[in-house]
1. Which of the residues belonging to the range 34-63 are open to solvent by less than 30 Å² (accessible area, probe 1.4 Å) and either farther than 25 Å from Gly166 by Cα or among the small types (Gly, Ala, Ser) (or both)?
2. Just give me the residues in the range 14-24 being closer than 16 Å to Arg123 by Cα and either surrounded by 22 or more Cβ atoms within 10 Å (Cβ to Cβ) or touching a Lys or Arg at 6+ places or on another chain (Cβ under 7 Å) (or both), in sequence order.
3. Residue under question is Ala39, and the condition is that it be closer than 20 Å to Leu151 by Cβ and either in contact (Cβ under 8 Å) with a residue 24 or more places away in the chain or in contact with an Asp or Glu (Cβ under 9 Å, 6 or more places away or on another chain) (or both); does it hold?
4. How many residues are part of a helix (DSSP H, G or I) and open to solvent by 50 Å² or more (accessible area, probe 1.4 Å) when one looks only at the range 136-190?
5. Could we say that Gly31 is surrounded by 19 or more Cβ atoms within 10 Å (Cβ to Cβ), closer than 30 Å to Ser197 by Cβ and either free of Cβ contacts under 8 Å to residues at least 12 places away in the same chain or touching a Phe, Trp or Tyr at 6+ places or on another chain (Cβ under 9 Å) (or both) here?
6. Mind listing whichever residues of the range 104-129 are within 17 Å of Ser42 (Cα to Cα) and in contact with a Lys or Arg (Cβ under 9 Å, 6 or more places away or on another chain)?
7. Would you be able to say whether some residue in the range 114-121 is open to solvent by less than 20 Å² (accessible area, probe 1.4 Å) and in a helix (DSSP H, G or I)?
8. Return the residue satisfying two criteria in turn: it lies in the range 122-134 and is buried (at least 16 other Cβ atoms within 10 Å of the Cβ) and of a type outside the set (S, T, N, Q), and of such residues it is nearest to the chain's Cα centre (by Cα).
Amino acid sequence: AEDPLALPRAIEILQLGGLVAFPTDTVYGLGALAFNGAAVESIYAAKDRPVEKAIPVLIGDTDDLAKVCAEVPEIALKLAAHFWPGPLTLVVPKHPELPQAVSGAPTVGVRIPDHPVARALLRLAGPMAVTSANISGQPSPATAQEVFAQLGGRIALIIDGGRTPGGVPSTVVDCNCAEPQVLRRGPISESELLTISGQKI
């Protein structure tokens, strides 16, 4: 990750439709440009991932939420302002230009990871469809070496940013309802969400 050529090389690969693995604040992620449907489809192939499982979108800054969301709910902005970057995924209305490969539903999960390498890449690349950099069903990798052990030969580039914190996956909150709903419990508790949102969750 400290190599000055790492991020430019990653952007070059992504723009050509390739896949890049990189560290996040949880585990290593495997990503493609979110608006390149063919590239996103190749994530499923590389991971042997069931196609019915949607892929979350990671962004570098809150301003990018409008690029992947059809209409940003007020509650999503409020939660994002307080908890991003961090382990909170917000499920919001999907932008019509996002490909079906990202999500076949009318919604999409979005997050800003709290990791300097991930954010630097996302700020250069724009929104990326990202899931854990492992073979589906296998352990999620916390090092570049663990990514290579599973996906070596299947993807174009692994950015080695050292060991990631690992741990608990992000809290997932559906922001499409009158009252936001927790779809997956995680590091951010319901009481913390209630304090910021002012609404029952």
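1. Hits for the range 34-63 are Ala34, Gly37, Ala39, Ala46, Gly60.
2. Just the residues of the range 14-24 that are closer than 16 Å to Arg123 by Cα, to begin with: 14-15, 20-24.
Selection gives Leu14, Val20, Ala21, Phe22, Pro23, Thr24.
3. Values: closer than 20 Å to Leu151 by Cβ: yes; either in contact (Cβ under 8 Å) with a residue 24 or more places away in the chain or in contact with an Asp or Glu (Cβ under 9 Å, 6 or more places away or on another chain) (or both): yes.
Taking the combined requirement at face value, the residue satisfies it.
4. As a first pass, look at the range 136-190 and keep what is part of a helix (DSSP H, G or I): 144-151, 190.
From the residues that got through so far, the ones that are open to solvent by 50 Å² or more (accessible area, probe 1.4 Å) too are 145-146, 148-149, 190.
So the answer is 5.
5. Working: surrounded by 19 or more Cβ atoms within 10 Å (Cβ to Cβ): yes; closer than 30 Å to Ser197 by Cβ: yes; either free of Cβ contacts under 8 Å to residues at least 12 places away in the same chain or touching a Phe, Trp or Tyr at 6+ places or on another chain (Cβ under 9 Å) (or both): yes.
When the stated conditions are applied, Gly31 passes them.
6. Residues of the range 104-129 within 17 Å of Ser42 (Cα to Cα): 104, 127-129.
Pro127, the sole residue that qualifies.
7. Initial filter on the range 114-121 (open to solvent by less than 20 Å² (accessible area, probe 1.4 Å)): 118, 121.
Within this subset, residues satisfying the condition of being in a helix (DSSP H, G or I) are 118, 121.
Within the range 114-121, one or more residues are open to solvent by less than 20 Å² (accessible area, probe 1.4 Å) and in a helix (DSSP H, G or I).
8. Step one: list which residues in the range 122-134 are buried (at least 16 other Cβ atoms within 10 Å of the Cβ), which gives 122, 125-134.
Cutting the leftovers down to of a type outside the set (S, T, N, Q) gives us 122, 125-130, 133.
Working: Leu122: 10, Ala125: 13, Gly126: 12, Pro127: 9, Met128: 7, Ala129: 6, Val130: 4, Ala133: 11 Å.
If we take residues in the range 122-134 being buried (at least 16 other Cβ atoms within 10 Å of the Cβ) and of a type outside the set (S, T, N, Q), then Val130 is nearest to the chain's Cα centre (by Cα).
The values are calculated or read from the model by the stated rules, or taken from the named source; none is laboratory data. From a predicted model like this one, the values you see are computed outputs, not experimental measurements. Cβ coordinates were reconstructed from backbone atoms using ideal geometry, including for glycine residues, and neighbour counts include every protein chain displayed. Each accessible area value is taken on the protein alone, full model and side chains, heavy atoms only, with ligands, DNA and RNA left out. Shrake-Rupley method; radii C 1.70, N 1.55, O 1.52, S 1.80 Å.
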